[in-house]
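Trainee: Quick one: the structure is below, and I'll ask about it shortly.
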Amino acid sequence: MVVLVTPDATHNGPPAYLSKNSMSSKSSLNVAEARQILFDALSPVTGWEAVPIRRALDRILFNDVVAPFDVPAHTNSAMDGYAVRIGDLSATDETRLSIVGTAFAGNAFSGLVGAGQAVRVMTGAVLPHGADTVVVQECVRVEDNAVFIPAGQEPGQNVRHAGEDLARGKPALAAGKRLGPADIGLLASLGIGEVMVRRCLRVAFFSTGDEIASLNRPLRPGEVYDSNRYTLYGILTRLGVDLIDMGVVRDDPAALEQALKEASEQADVILTSGGVSVGDADYVRELTARLGDVSFWKLNIKPGRPLAFGRIGKAWLFGLPGNPVAVMVTFYQIAADALLKMMGCDPLPDRVLFKVPCVSGIDKSPARREFPRGVLFSDDGVWKVQLAGSQGSGVLSSMSRANCFIVLPENGSAVAEGDLVDVQPFDGLI
Ligand code: AMP
Ligand code: MG
């Protein structure tokens, strides 16, 4: 396996939106503005590696793949039936043709189909010379060595042409594609067993908070178990990045500084959760501003208001809020596409958004985008959405129960029972 990692482009000082005097930088943003700032700031990692195609699943293709030959390589039959010459067939009556041979997939008929002749063909068999059309076996009558073809056949029916799937010399997959199951199958159909993919993004992540307990000990009074590191682990694993799990860091400036420095030396991206609001123990702000360039945003969203974005050394920092639902919402709505861009994914996937009736009313504050958690369900064949229980930003069970976000736009007002709302499903096919 070849692994080549080239250093990423050097940066020319902090961009305008990151300032040492972070509190005075742009502070209140909507989702679109925040995403735009990220996209302008971030660029893809530049290294690549060659991997066997099975390991290329969910990786980002580094270069265009050009088809080395036609797929299918030969014009062949799409059905089990009889290969015929359309010119032989009567437009109005049944036509009798004599069967002169059989073509199997992988075992072609070597002769020529002449006037008044047919060849029995199986699906995938190379179309015999002379024939141009395949008649499915279900609609013919066979007697001795003759086949009777009813009128009404279409020229060229049931024939798959060479190169109709992938044409030789044409791009089969474009650089930037995140490879799915169909893509690795397609590479296999081209006989390609190894591809160049962008190197994995390295993401260091940790939770912050004196009250946050790791799972290996009983809870003390006032503590909560660290769930954020597990939800982030799940999301990041699915995203296909290299994880550097740095555990829980206490609300202690020295410990946080140490963790941030360590993370910035190893990772392309640092993700933290908690400590970015304005409480007395929220040190992530202060420290990142001192160690690098960072700005703190009050996003016009619910849940998930505070978010830090900046840079420490070569690593980009996303300081996510602490509340378990807010972490997931800000990650999915703001950070996920930013990370995909750094991974080299281009174009970014369109997020599915469609309208369904909501079966209950939902309160909404003006001028902010809200992401209540919903359950899409089929009501006698009509898809509808209902709220997934209590909507507090710490209520992780609402995320667990939900299968979609309900997206209430900035300029929208409260939802009444039966109103159409936008929904964004969590999952597609597996
Ligand atoms: P913070 O943003 O640090 O003020 O945290 C906001 C809320 O989220 C607090 O109630 C925290 O206890 C909670 N919280 C922060 N980090 C975590 C975590 N890793 N797991 C579960 N809850 C957390
Ligand atoms: Mg905290």
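The values are calculated or read from the model by the stated rules, or taken from the named source; none is laboratory data. Note that the structure is predicted; figures quoted are calculated from it, not measured. Cβ placement follows ideal geometry from the backbone for every residue including glycine, while neighbour counts extend to all protein chains displayed.
Trainee: Would you tally the residues in the range 216-263 being of a type in the set (S, T, N, Q) and over 27 Å from residue 311 (Cβ atoms)?
Mentor: 2
Trainee: With within 22 Å of the chain's Cα centre (by Cα) and away from ligand 2 (no atom under 16 Å from the Cβ) as the only criterion, which of 427, 419 stands out?
Mentor: 427
Trainee: Go through (1) in contact (Cβ under 8 Å) with a residue 24 or more places away in the chain; (2) away from ligand 2 (no atom under 16 Å from the Cβ) for residue 254 and report which single condition fails.
Mentor: Here residue 254 meets the rest and fails (1).
Trainee: Between 363, 346, 337, 422, which is exposed (fewer than 13 other Cβ atoms within 10 Å of the Cβ) and of a type in the set (D, E, K, R)?
Mentor: Exactly one residue qualifies, and that residue is 363.
Trainee: Enumerate the pairs (first residue in the range 338-352 and closer than 16 Å to residue 235 by Cα; second residue anywhere and assigned to a loop (DSSP other than H, G, I, E, B) and basic (Lys, Arg)) with beta-carbon separation below 9 Å, excluding pairs fewer than 6 apart on the same chain, so at least 6 apart or on different chains.
Mentor: 343/59
Trainee: When the range 86-98 is examined, which residues are found to be surrounded by fewer than 18 Cβ atoms within 10 Å (Cβ to Cβ) and part of a loop (DSSP other than H, G, I, E, B)?
Mentor: 90, 91, 92, 93, 94
Trainee: Give the residue, chosen from 251, 183, 245, that is among the charged types (D, E, K, R), within 16 Å of ligand 1 (Cβ to nearest atom) and surrounded by 18 or more Cβ atoms within 10 Å (Cβ to Cβ). Talk me through it step by step, then tell me what you get.
Mentor: Details: 183 fails: within 16 Å of ligand 1 (Cβ to nearest atom); 245 fails: surrounded by 18 or more Cβ atoms within 10 Å (Cβ to Cβ).
It is 251.
Trainee: Residue 131 versus (1) among the small types (Gly, Ala, Ser); (2) on the phi > 0 side of the Ramachandran plot; (3) buried (at least 18 other Cβ atoms within 10 Å of the Cβ): which is the lone unmet condition?
Mentor: (2)
Trainee: Kindly check whether there is at least one residue in the range 231-249 that is within 16 Å of ligand 2 (Cβ to nearest atom), in a loop (DSSP other than H, G, I, E, B) and either out of contact with any Phe, Trp or Tyr (no Cβ under 8 Å at 6 or more places or on another chain) or of a type in the set (A, V, I, L, M, F, W, C) (or both).
Mentor: Within the range 231-249, none of the residues are within 16 Å of ligand 2 (Cβ to nearest atom), in a loop (DSSP other than H, G, I, E, B) and either out of contact with any Phe, Trp or Tyr (no Cβ under 8 Å at 6 or more places or on another chain) or of a type in the set (A, V, I, L, M, F, W, C) (or both).
Trainee: Further question on the same structure: Taking the residues in the range 156-215 that are among the hydroxyl-bearing types (Ser, Thr, Tyr) and closer than 26 Å to residue 311 by Cα as candidates, determine which candidate is nearest to ligand 2 (Cβ to nearest atom).
Mentor: Filtering first and then ranking leaves 208.
Trainee: Let me confirm something: among 319, 310, which residue is away from ligand 2 (no atom under 15 Å from the Cβ) and in contact with a Leu (Cβ under 8 Å, 6 or more places away or on another chain)?
Mentor: Going through 319, 310 in turn, just one is away from ligand 2 (no atom under 15 Å from the Cβ) and in contact with a Leu (Cβ under 8 Å, 6 or more places away or on another chain): 310.
Trainee: So which residues in the range 143-174 are exposed (fewer than 15 other Cβ atoms within 10 Å of the Cβ), assigned to a strand (DSSP E or B) and either touching a Leu at 6+ places or on another chain (Cβ under 7 Å) or of a type in the set (A, V, I, L, M) (or both), if there are any at all?
Mentor: Scanning the range 143-174 gives a single hit, 146.
Trainee: Which residue is nearest to the chain's Cα centre (by Cα), if the candidates are limited to the range 99-111 and must be more than 12 Å from residue 76 (Cβ to Cβ) and part of a loop (DSSP other than H, G, I, E, B)?
Mentor: That would be 110.
Trainee: Let me ask another. Considering only the range 257-266, I want to know if a residue exists there that is within 9 Å of ligand 1 (Cβ to nearest atom) and surrounded by 14 or more Cβ atoms within 10 Å (Cβ to Cβ).
Mentor: no
Trainee: As an exercise: evaluate residue 278 against (1) among the hydrophobic types (A, V, I, L, M, F, W, C); (2) crowded, with 19+ Cβ neighbours inside 10 Å; (3) within 14 Å of ligand 1 (Cβ to nearest atom) and give the number of the one condition it does not meet.
Mentor: Result: residue 278 passes all but (2).
Trainee: Still on this structure, I have one more. In the range 188-212, how many are polar (S, T, N, Q) and either in a strand (DSSP E or B) or within 9 Å of ligand 1 (Cβ to nearest atom) (or both)?
Mentor: Qualifying residue count for the region: 2.
Trainee: To continue, here is another question. Out of all the residues in the range 273-312, which are within 29 Å of the chain's Cα centre (by Cα) and either of a type in the set (A, V, I, L, M) or farther than 22 Å from residue 392 by Cα (or both)?
Mentor: Across the range 273-312, the qualifying residues are 276, 294, 295, 296, 299, 301, 307, 308, 309, 310, 311, 312.
Trainee: Also: From (1) modelled with pLDDT of 95 or more; (2) in contact with a Lys or Arg (Cβ under 9 Å, 6 or more places away or on another chain); (3) more than 30 Å from residue 49 (Cβ to Cβ); (4) surrounded by 13 or more Cβ atoms within 10 Å (Cβ to Cβ), pick out the condition that doesn't hold for residue 389.
Mentor: (1)
Trainee: Output the residues belonging to the range 216-230 that are assigned to a loop (DSSP other than H, G, I, E, B) and either within 15 Å of ligand 2 (Cβ to nearest atom) or among the aliphatic types (A, V, I, L, M) (or both).
Mentor: Taking the range 216-230 first, the residues assigned to a loop (DSSP other than H, G, I, E, B) are 216-223, 226-227.
Residues satisfying the conditions are 219, 222, 223, 226, 227.
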